Each structure stands twice: as C-alpha cells, then as structure tokens.
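Derivation of every value follows stated rules applied to the coordinates shown; laboratory data play no part. Because the structure is a prediction, the values reported are computed rather than measured. Note that each Cβ is placed from the backbone with ideal geometry, even for glycine, and that neighbours are counted across all protein chains shown.
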Amino acid sequence: MKKILYISGTRADYGLMRRALLTINKHPKLEVEVIAAGMHLMPEFGETIKEIRKDNLKIYRIDAVYENDNRESSSCFIGEFVQLFAKRIKRIRPDIILLLGDRAEMLGGAIVGTYSAIPVIHIHGGDLSFTVDEFVRHAITKLSHFHLPATKKSAERIIKMGENSWRVSVVGAPGLDDILGEKLFSKKEIAKKYKLDFNNPVLLVIQHPVVEEDKTIFKQISETMEAVKETGLQSIVIYPNADAGGRSMIKVIEEYRKCSFIQIYKSFARKDYLSLMNIASVMIGNSSSGIIESSVFHLPVINIGTRQKGRERSENVINVDYNKEQIKKAIQKALYNKKFREKVKKCKNPYGNGNAGIKIAGLLSKIKINNKLLQKQITY
C-alpha cells in the first residue's frame, strides 16, 4: 500500500479534491490521509475540519493558522506550517505528498517534501492566474516531482518551465468529479433549506481578497455588496478566505446582514454549494469555481477584478472591474440579454469530463518511487 498524504488548508481545496480523494482511497494499492491546517481550524471561517471528518479519512492537525489580517501573517503561517509539518512527517511517513493549486500550505508542503526526499505530486500546476497566486503556483511546480495539470495548455507551460515531459500527465480538474459523479440537491430542497424563491432570480456571491491590493480591499467589496443591494434580488453571500484582507472584507459583508434579501454564511457544505451553483441565476465575485466549474452548470458568472486574470474559461464569464455600476450592468446582461444567455446555454467546459480522480488513482498506484523520480534537473 502507498500512503498518499493530502494537504488541505481551506474548505475550497478540500471540496475540489473530496471526490478524487475518496476515489484514490478506494484503490486497492492506495490509502489516503489528510493534513488539516489554516482555515479548517479557525472558528471565524466555519472550522471546516468537521467537513473532512465526515469522510472518515485519517486526519492530522497542523496547528498553524492565520493570526492576523495582513500580508506578514501569510509569511508567518508558512514558516510555522513548515516547522510543524517537518516534525510531524517523520511519524506520518507518507510515500507521496499530494498538493493542489497555489495556497500557502501547499507551498509549505512542497518545501518539506522536497527536503525530506518524499515525492511531491502537484495538481492544477501550469494554470495562469494573477497576483501572488501566480508565482506561488509555479514555485510549487518547481518543487514538485510529478505534475497532474488540468488542461493541455497548462501541461505545455509546465514543460516550458524546464520539467521533463514524462513527469507531466493531464488529468482534468478534480473539482468536476463531484459535479458529474454525485446527485445534487433538487431546486425544491435548496429552496426549502435556504428559504429561496426560484420563481425570481437568485445571486450567489463569493469574493476573496487579492493580497497585492490590500489597500483597496474595503472599496472592492463595498462596490460588490452595494451592487448586490441595489438589485434588491435574493442573494447568498459566502465569506472570503483568510488571506490578507479577508477579515476586513467580512466586516463590510456583515453590515449587509440587515438586508432581508441577503443571506450571509461563513461556509457552505460542498454538496450544497454545487447544488446552488446548479440552480442560481448568476454567480458574482472572483472564486476559481466561477471559472473552472461554473460552465458545467451553464451558470452566468460575473468575474470581478484581477484574481483570475489569464485563466482558461468558457463563454459564460463576464469580466468587470471593482465598480458598482459595471457589476450592476453585468448582472442585467447575465439575467436578461438573450444573445449572452444563448451563449451560456451552449458553453463547454475546458477542464475535463469529471474523471480526474480515477486518472489520479491510476497514476499514483503505478508511479515508481526511485532516484529517477526524486532527482530533478532543468531540461534546458
């Protein structure tokens, strides 16, 4: 049996990987264990470690969290995570460390894996995004021993970074596995649970801080929330992540709890979230789910600001700046523009067909852990 250790720091990354992790764990030659850190342990963000516990996977807590709402806190978090994980890994003894995307805990895990001579396998490398996420993702790529990108374009970028082509295998986006592999809640069930009237439009809002733009965080989220308020439409707003500025955004969001048509949640169970994406009228914010998963549901998305700049996307996405009037205009287009809505109905997802977990499990079971895998050299 190979022990696969997945590192998770947020509700988002675990939700994206959940179905794939369960698929991997069912493989006769593999077992999955999970490191939980960061936002998972923070009550103010819903203490989402309890969502992992429901899946009966073995969990190790790494008690590193984001202490403050500033840039320095992210650096301190990585340092603390690396120290705690480096000590714990001797007892866990994983065969492979599995990482997703561009979060700080993933970077910390890649550092520890590299210096501990444990193979690091990275999912969703090679994607384009923006801000600190962009170069953290590529730093993880250079620290990883094998790459499981979501698209062919991402695979090409990884190889251009000097990685051997035999180290790269396209698997698609694991976030699609849940969508296509699980029966979601019906419109009636979601309407009852969240007191929504789907005879009228429903907005889904999730906007995260952009670290480099921390001085304008207040204005950014205020523009979004004012736009939502002025529509007067039923809205579900979900807290941002714990990056620098996240707590400041929450303070602004909470001011709108007094609006009877706006519901605010710290966190959302993955199945509820996908079910809501499936039947919402418009998604608003800068979450990667608005870029990667939304087109499966043919959901119109208003993508705000710079966070997802450069990512491959389908035709269901409208890009706007941090501007109330632009956001309101985009909401009207998403709801009522017939030409755009016809495009959305026909849009195709560029991130695979929902079987990433099966592909990943097969690759993990067959991969040989030897010096060839562990010893890397740039190819140019």
Original post:
Using a cut-off of 13 Å between alpha-carbon atoms, which aspartates and glutamates can reach K343, once sequence neighbours fewer than 8 places away in the same chain are excluded?
Top reply: E315
Subject >> Cβ-derived FRET efficiency at R0 25 Å, K366 paired with M161, nearest 0.05 >> reply: 0.55
Original post:
Fewest first, what order do R19, R11 take by the number of other Cβ atoms within 10 Å?
Top reply: R19, R11
Original post:
Spin-label point model (7 Å from Cα, Cβ direction): what's the Y194 to L373 distance in nm?
Top reply: 4.1 nm
Original post:
Where does the charge balance sit around M161 when Lys and Arg score +1, Asp and Glu -1, over other residues with C-beta under 12 Å from its C-beta?
Top reply: +4
**OP:** Give the long-range amide H neighbours of I96: residues separated by 5 or more places, or on another chain, with amide H under 5 Å away, using H modelled in the peptide plane at 1.01 Å from N.
**Re:** K3, L5
Original post:
Once Cα extents along the principal axes in Å is worked out from the coordinates, which option in [x] 83, 47, 40; [y] 94, 44, 40; [z] 60, 42, 42 does it equal?
Top reply: [z]
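Under a Cβ-only charge scheme (Lys and Arg +1, Asp and Glu -1), can you give me the dipole magnitude of the chain about the Cα centre, in debye to the nearest 20?
1300 debye
Working out 0.36 nm times the residue gap between R257 and E230, then minus their Cα-Cα distance, what length gain in nm do you get to one decimal?
On the way: separation 27, 0.36 × 27 = 9.72 nm, distance 1.42 nm.
Value of the extension gain: 8.3 nm.
What does the charge dipole of region 185-346 about its Cα centre add up to, to the nearest 20 debye, if the Cβ of each Lys and Arg holds +1 and the Cβ of each Asp and Glu holds -1? Kindly include the intermediate steps, with their values, before the conclusion.
Details: 29 positive and 18 negative charges, 115 e Å.
Computed about the Cα centre, the dipole is about 560 debye.
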**OP:** Report the extension gain between E325 and D95 in nm, rounded to one decimal, defined as 0.36 nm multiplied by the number of residues separating them, less their alpha carbon distance.
**Re:** 77.6 nm
Original post:
In terms of modelled amide H atoms, which long-range or inter-chain residues lie less than 5 Å from the amide H of F185?
Top reply: S275
Original post:
Where the centre of each part is set by its Cα atoms, how far does region 34-84 sit from region 100-151, in angstrom?
Top reply: 18 Å
